[in-house]
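I have placed the structure first, in the form of structure tokens, so that the comments after it can refer back to it.
The values are calculated or read from the model by the stated rules, or taken from the named source; none is laboratory data. Keep in mind that what you see is a predicted model, and the values were worked out from it rather than measured. Every residue, glycine as well, gets a Cβ built from its backbone with ideal geometry; the counts of neighbours run over all protein chains shown.
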Amino acid sequence: MAMPSGVGLVINRSLSTSSVVFGKRNFRKFLMYGKRGSRQFKEEMRKNPDPELQKAFDRGVRPVGITDGKKFQIIPEMIPEIIVPDLEGFQLKPYVSYRAPDVIQGEFGPQDLFYAVYSEKIAEDFKNNKLDEDGNPVEPSKEELLTADEARKKALSIGSDLFNSVS
């Protein structure tokens, strides 16, 4: 009859209190370095900087200049400029209350844009009899005189998304 393999095995636990446990440890074999490379690697990077590997040490901060040989030159245009508006007399609160009603607004299409910009002027010209036989205004505004290309350039220009008050 064959015996199971673990039958003759005796496991002993022991606790050692000898002075060898409190002896010196060789800390050179425990490599303690930061997560961005060992000390040796960082020294190599200082001696021979590689632009691709240098990105590991800039910690996500954009450079404000360039290295010309061994000298670092600061370029003023590369320094970020923070522009803070003057909020004196500003009426709105810096938060929106959770009790504010939900605003449900449909898509703002071309016909809505036409009604917002031109409908009042067309109705006013019709009331004052300032339309010719073809229905064109006798005194057109400068928006009505724009060609299709000029209107497209104006729509794509900076700040064109800000609505001016239509009077």
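Looking at region 38-151, none of the helices (runs of 4 or more DSSP H) lying wholly inside it contains 3 or more residues that are touching a residue at least 40 places away in the same chain (Cβ under 8 Å).
Of the residues making up region 140-167, those that are under 16 Å from Pro110 (Cα atoms) and at pLDDT below 75 number 3.
Return the residue satisfying two criteria in turn: it lies in region 54-104 and is loosely packed, with under 10 Cβ neighbours inside 10 Å, over 20 Å from the mean Cα position of the chain (by Cα) and among the small types (Gly, Ala, Ser), and of such residues it is nearest to Glu44 (Cα to Cα). For region 54-104, the residue satisfying everything is Gly69.
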